[in-house]
Structures are given as structure tokens and as C-alpha cells.
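Participant: Take this structure first; my questions come after.
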Amino acid sequence: MSFASPSFQLDEQAIDDDTHLIAVRGEVHVSTAPEFSDRLNDAIATGKTGVVIDMTDVAFIDSTGLSVLLNALRRVTRQQGTLALAVSNPTVLRLFEITRLDSTFDILPDREAAIARVKRGQAEPAGPSDQADGAGSSAGAP
């Protein structure tokens, strides 16, 4: 019995000198997480202080994928940066809620809102995050 290759694709785009976008499609799990992690780490290593991860086309994410996201958040936060996720799939959103990571990440409904959140975060002085948009926290690594 053979299994089909997982559906997974990454696209990247520099939004500006400080902001990087990674769009993920398909499934983020134990077999696709290493590539996802490598690409995220490469983007963060370039010194980008704003990272947007567009997950609006992600159908599934497991604990390995969540771990990749947490590690990315930790690295961006150490650089005094901001990371935001665009998530619209109710199943994926529910996983963030169940694991209570919805209060750890800035989760927005679409790419444009996530980019705007990151740009606001880059403009804000270091300190407590602004919770007025109801989007979660970018305040420190878990």
C-alpha cells in the first residue's frame, strides 16, 4: 500500500525591507514541517522584524506544525519583531483555540489584516502589545 504525497506548498514574498510573507497551502504536519521550519528560519535569519504567515489555504496542521510556529514566534520576538498569522479555516482556528495558542499568536482573518498588524507592531515601541483589535498577543514567546 502506498500513500499519496502530502499536499504542501510554500510561496514567499518580501513585502518591504523589514517584512516577509510566507504563504502556506495544504497540510502542515510531521512530514512537511521540516521544509516549513527551514524556510521560516531562513526568513528570520535575514533580520526581518515582521513575519506574516498566510495560512488561509492550510487544510490541516498538527502538533509538529504548531511547534514550528512557536519556534518562529520565539525567534522573531527575540529580534524585537512581530509575527502574525492569517487563518480562516474553522478547523485550523479551532486547533489554535483548543491548544489556547489563539492567545499566544496574533491571528487575523486574512493576509491584508495580518500584514497591517505586523506593520503596526513594527511601528510600536517595545512594551505591552495593543489588545484593542482583539487579535491576540504578540507579547513574548511562550
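Participant: For segment 84-93, give me each residue that is in a helix (DSSP H, G or I) and either buried (at least 18 other Cβ atoms within 10 Å of the Cβ) or among the basic types (Lys, Arg) (or both). Explain how you work it out, then say what you get.
Facilitator: Kept after step one, since they are in a helix (DSSP H, G or I), are these residues of segment 84-93: 90-93.
Of everything in segment 84-93, just one residue is in a helix (DSSP H, G or I) and either buried (at least 18 other Cβ atoms within 10 Å of the Cβ) or among the basic types (Lys, Arg) (or both), namely Val92.
Participant: Considering only segment 97-119, state which residues are touching a residue at least 24 places away in the same chain (Cβ under 8 Å), of a type in the set (A, V, I, L, M, F, W, C) and part of a helix (DSSP H, G or I).
Facilitator: Of everything in segment 97-119, those that are touching a residue at least 24 places away in the same chain (Cβ under 8 Å), of a type in the set (A, V, I, L, M, F, W, C) and part of a helix (DSSP H, G or I) turn out to be Leu101, Ala113, Ala114, Ile115, Val118.
Participant: When you scan segment 71-83, do you find a residue that is at pLDDT 95 or above and assigned to a strand (DSSP E or B), even just one?
Facilitator: Yes, segment 71-83 has at least one match.
Participant: So how many residues does segment 34-48 have that are crowded, with 18+ Cβ neighbours inside 10 Å and outside any helix (DSSP H, G or I)?
Facilitator: Residues in segment 34-48 being crowded, with 18+ Cβ neighbours inside 10 Å and outside any helix (DSSP H, G or I): 1 in total.
Participant: Is it the case that Leu93 is modelled with pLDDT of 95 or more, over 12 Å from the mean Cα position of the chain (by Cα) and among the aliphatic types (A, V, I, L, M)? Before the answer, list the steps.
Facilitator: Working: modelled with pLDDT of 95 or more: yes; over 12 Å from the mean Cα position of the chain (by Cα): yes; among the aliphatic types (A, V, I, L, M): yes.
For Leu93, the condition - modelled with pLDDT of 95 or more, over 12 Å from the mean Cα position of the chain (by Cα) and among the aliphatic types (A, V, I, L, M) - is met.
Participant: Take the residues in segment 89-119 that are touching a Leu at 6+ places or on another chain (Cβ under 9 Å) and polar (S, T, N, Q), then tell me which one is nearest to Asp42 (Cα to Cα).
Facilitator: Filtering first and then ranking leaves Thr104.
Participant: Looking for whichever is assigned to a loop (DSSP other than H, G, I, E, B) and either surrounded by 14 or more Cβ atoms within 10 Å (Cβ to Cβ) or modelled with pLDDT of 95 or more (or both) here; the options are Ser31, Ser2. Which one fits?
Facilitator: Details: Ser2 fails: either surrounded by 14 or more Cβ atoms within 10 Å (Cβ to Cβ) or modelled with pLDDT of 95 or more (or both).
The match here is Ser31.
Participant: If a residue must be farther than 16 Å from Leu93 by Cα and charged (D, E, K, R), how many such residues does segment 44-70 contain?
Facilitator: Counting residues in segment 44-70 that are farther than 16 Å from Leu93 by Cα and charged (D, E, K, R) gives 1.
Participant: Which of the residues that make up segment 49-70 are crowded, with 22+ Cβ neighbours inside 10 Å and either without any contact (Cβ under 8 Å) to a residue 24 or more places away in the chain or not in a helix (DSSP H, G or I) (or both)?
Facilitator: Answer for segment 49-70, where residues must be crowded, with 22+ Cβ neighbours inside 10 Å and either without any contact (Cβ under 8 Å) to a residue 24 or more places away in the chain or not in a helix (DSSP H, G or I) (or both): Gly50, Val51, Val52, Ile53, Asp54, Met55, Val58, Ile61.
The values are calculated or read from the model by the stated rules, or taken from the named source; none is laboratory data. The structure presented is a predicted model; accordingly, all values stated were derived computationally and were not measured. No Cβ is skipped: glycine too gets one built from the backbone with ideal geometry, and neighbour counts run over all protein chains shown.
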